[in-house]
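Asks: Before we start, here is the structure in question, set down as structure tokens.
The values are calculated or read from the model by the stated rules, or taken from the named source; none is laboratory data. Because the structure is a prediction, the values reported are computed rather than measured. Every residue, glycine as well, gets a Cβ built from its backbone with ideal geometry; the counts of neighbours run over all protein chains shown. When the accessible area is computed, the model is the full protein with side chains, heavy atoms only, and any ligands, DNA or RNA have been set aside. Shrake-Rupley method; radii C 1.70, N 1.55, O 1.52, S 1.80 Å.
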Amino acid sequence: MLSHLFGHLPQLPWWNCTLQIVGLVASYIGAVLNARKRVDGFYVWLVANVVLFCVHCASGIWILAVLDVLYFRINLMGIRKWKSMPESALEPT
């Protein structure tokens, strides 16, 4: 059915699809945690970026693999910055 909408879809191995779902769910959870001003969100995003990096490399989508590396670096910067902020600055509003 999807092939009628999007043309020919490549057959991906089960683990690729599973890791895509894990990466998607982890990215969403990380965003929710960060929206609640919780530094944990950055750690969840780190996991999501590693998972998606593996998926993108295995699929040959190199530009997205580079983006995953950049996001990983941004998350490390966010962790460092948020850990140096006073607790009162991170209280949910």
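Asks: So L12 passes all but one of these: (1) surrounded by fewer than 12 Cβ atoms within 10 Å (Cβ to Cβ); (2) at pLDDT below 90. Which condition number does it fail?
Replies: Here L12 meets the rest and fails (1).
Asks: Do any residues in segment 20-41 that are farther than 19 Å from A58 by Cα have Cβ atoms under 8 Å from those of residues that are modelled with pLDDT under 90 and open to solvent by 80 Å² or more (accessible area, probe 1.4 Å), where the two are at least six apart or on different chains, and which pairs are they?
Replies: Filtered contacts from segment 20-41: R36/P92; K37/E91; K37/P92; K37/T93; V39/K83.
Asks: May I ask you to list the residues in segment 28-40 that are under 10 Å from the mean Cα position of the chain (by Cα) and open to solvent by less than 70 Å² (accessible area, probe 1.4 Å)?
Replies: Within segment 28-40, G30, A31 meet the criteria.
Asks: Checking A89 against (1) at pLDDT below 95; (2) of a type outside the set (S, T, N, Q); (3) open to solvent by 80 Å² or more (accessible area, probe 1.4 Å), which test does it fail?
Replies: (3)
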